[in-house]
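The values are calculated or read from the model by the stated rules, or taken from the named source; none is laboratory data. The shown structure was predicted, so the numbers you read here are calculated from the model rather than taken from an experiment. FYI the Cβ positions are ideal-geometry reconstructions off the backbone, even for glycines, and counts take in every protein chain you see. Each accessible area value is taken on the protein alone, full model and side chains, heavy atoms only, with ligands, DNA and RNA left out. Shrake-Rupley method; radii C 1.70, N 1.55, O 1.52, S 1.80 Å.
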Amino acid sequence: MTGGATAATGTGDTGGMGGLGGLVGEGCAGGGGTHHDSDPTSASTSTPADSALLARLSLNQETLRQWSLPDLVDGCARAGVRGVGLWRAPVRQYGTAAAARLVRDAGIAVTSLCRGGFFTAEDPGERRTALADNRAAIEEAAALGTTTLVLVSGGLPPGSRDLAGARERIADALAELAPYAAERGVRLALEPLHPMYAADRCVVSTLAQALDLAERFPADRVGVVVDTYHLWWDDTVGTQIARAGGTGSAGGAGGADGAGGVGGAGGAGSTGVTGGAGGAGGVGGIGVTGGARGTGGAGSTGVTGGARSTGATGVTGGSEGIGGAVSRIAAFQLADWITPLPAGVLLGRGQLGDGSVDLRWFRQQVDATGYRGPIEVEIFNPALWARDGTEVLAEVVQRFTTHVG
């Protein structure tokens, strides 16, 4: 997601880990890339997504901006897409209570609401205004029945060069809002945006930076968004996805190549890899050849509407990593990276398969953590908006099957 406002609905990042919870079907293995840490070694296989994976598909509202909310709900229902990610502006225009009834009556789950955030202002009055707006966003998310409110953190205040200070103000806001959200069954989902947005939209640019902030809070209160558009370029993203899912470690780097190191302790509320050997110099955790998996540490409970991993017990609806702890992955979003970027760069997200992102590799990495929640397609692209919505939706489903499964 991109986190900027354009036209009436505003484009920004969305999350998606709400009412499609409880999906435990395994995704199919497929080809992987060669450009990330812990990349899969087979780059040639490509297996179509099975029905369980396709059942996880959610469509973000901005992908079909040309459709009204009723058209979106009706079109998704007809296409068999059972989840949608919604945006605050069009929901408010339609009426939050009416929107909640609309999706509920159609049997459509709201997988996320976008967006809250913009926490970095230095002026006390502006900060109070931002916090009040975020409390309203939390209430709207709860009314819609989603557990996930996506947060675009905000850029640098005018004239500032203090990135560290801006990030600390984000932490201060999370500390104030997380209990308020938890009381209403909503988890805050912190989204890192591509570094090109750091100055004006989001000073959190990497998954590692997002996790450094989120891990100050219980995992069932503050999670992160994995968005392929924003993270595809980062050669550490595989390790950070494992960390987010509770199958990697924030500390305790692996040993030398070929001699697995001991995994370090996980962040607060995530799975601590207390005894798992690291693989091939990687961070201790899951999926290493010949390396034992460590014991998962206890996580917080109480997240409503997430997905439970295979074999995990004890958390109702929470996104669990392997080992039983609550995962930090609150939402998983897809878009491709295409060039040249448009003027303003906000509306350059590409249709699945049109660009440089190894979407299947990302899905494999996220699934390896035990995540079985919604996979939300979020594309801001005027060329798609100019086309027939039914045609675009059918194309999204086909591309999802081909490039993600």
Can you give the accessible area of C202, probe radius 1.4 Å, in Å² rounded to 10?
0
What number comes out for the charge environment of Q61, summing +1 per Lys or Arg and -1 per Asp or Glu over other residues with Cβ under 11 Å away?
-2
Tell me, in nm to one decimal, what length is gained between A79 and T129 on full extension, where the rule is 0.36 nm per residue of separation less the Cα-Cα distance?
14.0 nm
Share of region 211-250's accessible area from carbon and sulfur, percent, 1.4 Å?
46
Tell me, how many Å apart are the Cα centres for region 172-230 and for region 91-110?
25
Between S160 and D172, what is the label-to-label distance in nm when each label sits 7 Å out along the Cα-to-Cβ direction?
0.9
Taking the convex hull of the alpha carbon atoms in region 80-123, what volume per residue do you get, in Å³?
78
Using 0.36 nm per residue, how much length does the chain from S356 to Y180 gain when fully extended, once their Cα-Cα distance is taken away?
59.4 nm
Expected unfolding gain across D235-A98 under the 0.36 nm per residue rule, minus the alpha-carbon gap, is 44.9 nm
Run the accessible area of region 319-394 with a 1.4 Å probe and give the carbon-and-sulfur part as a rounded percent.
56
At 1.4 Å probe size, put Y180, Y94 in order of accessible surface, largest to smallest.
Y94, Y180
